[in-house]
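Input: a single structure, listed below in C-alpha cells.
The values are calculated or read from the model by the stated rules, or taken from the named source; none is laboratory data. Everything quoted here is computed from the prediction, not taken from an experiment. Every residue, glycine among them, receives a Cβ derived from its backbone with ideal geometry; neighbour counts consider all protein chains shown. Note: areas computed on protein heavy atoms with side chains; ligands, DNA, RNA excluded. Shrake-Rupley method; radii C 1.70, N 1.55, O 1.52, S 1.80 Å.
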Amino acid sequence: MSGIEAGYIGNAAGVLDTTKFELENLARSQANFIVTKSMTIEPRKGNPEPRLKTWGFSSTNSNGLANLGVDAYCVIIPEIESKYDTIVVPSISTSDNVELSVIDQYKLMVSKLEAIGVKRIQFNTSCPNLPGKPMIGNSPETLDDMFKEARPSNIPFSVKVQPYNTDPILFKQVVETMLKYKPAEIVAINSIPLSMFIDTSTMRKTLRPNNGWGGYGGAGILPIATGEVNRWYREIQRRELPTKVIGCGGVYDLDSALQHHMAGAYALEIGTWFLQEGTGVFAQLKRARDAWLADRGYDISDIIGIAERNPEVSEIVT
Ligand code: RRO
C-alpha cells in the first residue's frame, strides 16, 4: 500500500499514536492509514500534566510534542508496515531544545525517514502548543525555505495546516507558497489555539501548561474545519493541481464526515472522536458512509466537493 485513496479514513496526528503499542493498535483497526504523533529529532516528554481535557465530542490539549524521537520511529514504522497491510505516515515537527535550525531539523528527519523507506511524510507546520514560539505556518518565508530545502525528493508529502480563517492575507500568501511545492495533500485543520476549559466545581483550569490554554478539537470545530477544507479545495481546483485535501476537525458521525467530503475533503482524519471512543470509530464510520452512498447510488468521488459544484444554497431553512 503506498497511496492515500478517495474516502480513506485515518487517525489525526497526535491521537493515541505515540508508542509502538498504540500504532499497532491502529494497524489492527479498520483505519486505512495511520499518522504518527508529530516527531522531533530528540525524544520529548512533553508538557506537565494534566495536559489533555475531553468532554462530549470535544477536547483541548497542550501535549507539547511528547514523542519518542525520530530514531525510534525509524525502527517502529518498518516493523508495523511489514507486519500489517497499512501505510504509516510520519508526522514531523520541530523542537526548540536542539542546536539545529528549524530547516535543518526538518532536513535531518526527512533524510532519516526517506532512508528507511516511508511512503510519505506529513509536515506539521501548525503545532499550537509551543509557548513563545511562532507557528511555522504563520511565516510564508520560513515555509518557503522549509519546502525548498527539506521536502522529500522521492516520496510525496502532505502538510498539516492551521486554520487561517482570521487572516485572509496570510492565507493567500501561504497558499501561494505551499502549492508551489505541489504537496500531495493538505490536511486541514490542526486544533484551534488558545482554548480553555474550566472545571466549575473546583473553579480551576483543567490544563496545567501554558496558563491553561490548549488546542481545541472535536465537534465544535467542524464548521471552521469544513470552511478551511473548502477554501483549500477552491484554491487547488482553480490552479488545476493534483493536490488533495484531507479533512480533519470535528468528524464525530456520518453527517460531519459527509460535510467534510462535500466541502472538498478527499480523505478524512479523525481525532477527538477516536480519542474518546477508540478504534471502532473507523469501521463504524465506513459502514455508515458505505450504506449512505449505496442507498443513493453514489461513489465517494461523486460527493467530494459537491457542495462547491452545486451553485444554489440549500432551501431547507432551520
Ligand atoms: O503536541 C501537541 O501539543 C500538539 C501538536 Br504537536 C499539534 O500539532 N496539535 C495539537 O493540538 N497538539
> If a residue has to be within 16 Å of the ligand (Cβ to nearest atom) and among the polar types (S, T, N, Q) to count, how many in the range 205-264 make the cut?
Replying inline: 3
> Which condition number in (1) within 16 Å of the ligand (Cβ to nearest atom); (2) at pLDDT 95 or above; (3) open to solvent by 10 Å² or more (accessible area, probe 1.4 Å) is the one that residue 122 fails?
Replying inline: (3)
>> Being open to solvent by 30 Å² or more (accessible area, probe 1.4 Å) and either under 18 Å from residue 217 (Cα atoms) or among the hydroxyl-bearing types (Ser, Thr, Tyr) (or both) is the filter here; which residues of the range 159-180 pass it?
In response: 165, 166
> Within the bounds of the range 103-111, is there any residue that is basic (Lys, Arg), part of a loop (DSSP other than H, G, I, E, B) and either open to solvent by 60 Å² or more (accessible area, probe 1.4 Å) or within 16 Å of the ligand (Cβ to nearest atom) (or both)?
Replying inline: no
> Out of all the residues in the range 112-144, which are in a helix (DSSP H, G or I), among the hydrophobic types (A, V, I, L, M, F, W, C) and closer than 27 Å to residue 216 by Cα?
Replying inline: 136, 143
> How about the range 301-318: which of its residues are open to solvent by less than 100 Å² (accessible area, probe 1.4 Å) and either of a type outside the set (Ser, Thr, Tyr) or under 28 Å from the mean Cα position of the chain (by Cα) (or both)?
Replying inline: 301, 302, 303, 304, 305, 306, 307, 308, 310
> Pick from 233, 298, 252: which is surrounded by 24 or more Cβ atoms within 10 Å (Cβ to Cβ) and among the hydroxyl-bearing types (Ser, Thr, Tyr)?
Replying inline: 233
>> Quick check on my filter: what residues within the range 242-290 are on the phi > 0 side of the Ramachandran plot and touching a helix residue (DSSP H, G or I) at 6+ places or on another chain (Cβ under 7 Å)?
In response: 249, 250, 264
